[in-house]
């Protein structure tokens, strides 16, 4: 069954170009010209992925991403003409899974789309259904995460990243390993996307993100989820 993609961009030439190329790759495509229209379309008929331009009338891409994240973990790729670091970080902070800086090649776009969609697929392994670490509980059958009695809402990328730590309990995992296993080998040098996602994940799963207990940094080595009962 083909995957569906919602493209949100106020530039007709970009919309037509993306629509044509994605349909050639057997994706089902829906389009919107601004953030408000995108939310209305997605609410009535959710898609498997959203390509979201930043500079748009009525509601910009950052605000649109933030609103969608209030009710959906759908993968989102931000499209921006601004390549500055602060713009990329802001998009990731709003909950985007990835970003592309205009102009980009169709080959690069398709590679990113496939990579992001792969993260939504269930991870292989023989782990038991439930995993607990202190006040954190993961129900892997339902892809739900709880901290105490409160359910935590994670994006697909955040959830896969958390699973990597749980599957490697007590083991230091390098940034390169995390980037390869969660994002794909083509992201192995993109440390920034890892740093921002870990920071966002800590804000959700840690009681105090500045004094983490579930995701601990080992300077110069990587990150570790320490076994319960150990002090880090």
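Tabulated results
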| item | result |
| --- | --- |
| Estimated FRET transfer efficiency when R0 is 35 angstrom, pair residue 141-residue 104 (beta carbons, to 0.05) | 0.40 |
| Relative contact order for segment 130-224, counting Cα pairs under 8 Å that sit 6 or more residues apart, in percent | 24 |
| Between 0 and 90°, nearest 10: helix 12-24 axis offset from the chain longest Cα axis | 70 |
| Rounded FRET efficiency, nearest 0.05, which uses the C-beta distance separating residue 177 from residue 58 and R0 of 35 Å | 0.25 |
| Gyration tensor verdict on segment 111-232 (Cα atoms; rounded if a/c is under 1.5, prolate if a/b is larger than b/c, oblate otherwise) | oblate |
| Between segment 27-57 and segment 142-219, the alpha-carbon center distance in angstrom | 27 |
| Pairwise label distance in nanometres, residue 111 with residue 30, each label 7 Å out on the Cα-Cβ vector | 3.0 |
| Cut-off 13 Å, label 7 Å out along Cα→Cβ of residue 221, residues of segment 162-182 by amide N | 170-175 |
| Residue of 220, 184, 170 that the Gaussian network model of the chain assigns the largest fluctuation, springs spanning Cα pairs under 10 Å | 220 |
| C-alpha long axis of helix 156-167 to longest principal axis of the chain, angle in ° | 20 |
| Among [x] 40; [y] 59; [z] 45, the entry that matches percent of Cα pairs over 24 Å apart as calculated here | [z] |
| Neighbour-count order for 68, 106, fewest beta carbons within 10 angstrom listed first | 106, 68 |
| Shape of segment 183-232, Cα gyration tensor, a/c cut at 1.5 | prolate |
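Every number in this text was worked out from the coordinates using simple rules, so none of it is lab data. Just so it is clear, the structure is predicted and the values come from calculations on it, not from any experiment. Every residue, glycine among them, receives a Cβ derived from its backbone with ideal geometry; neighbour counts consider all protein chains shown.
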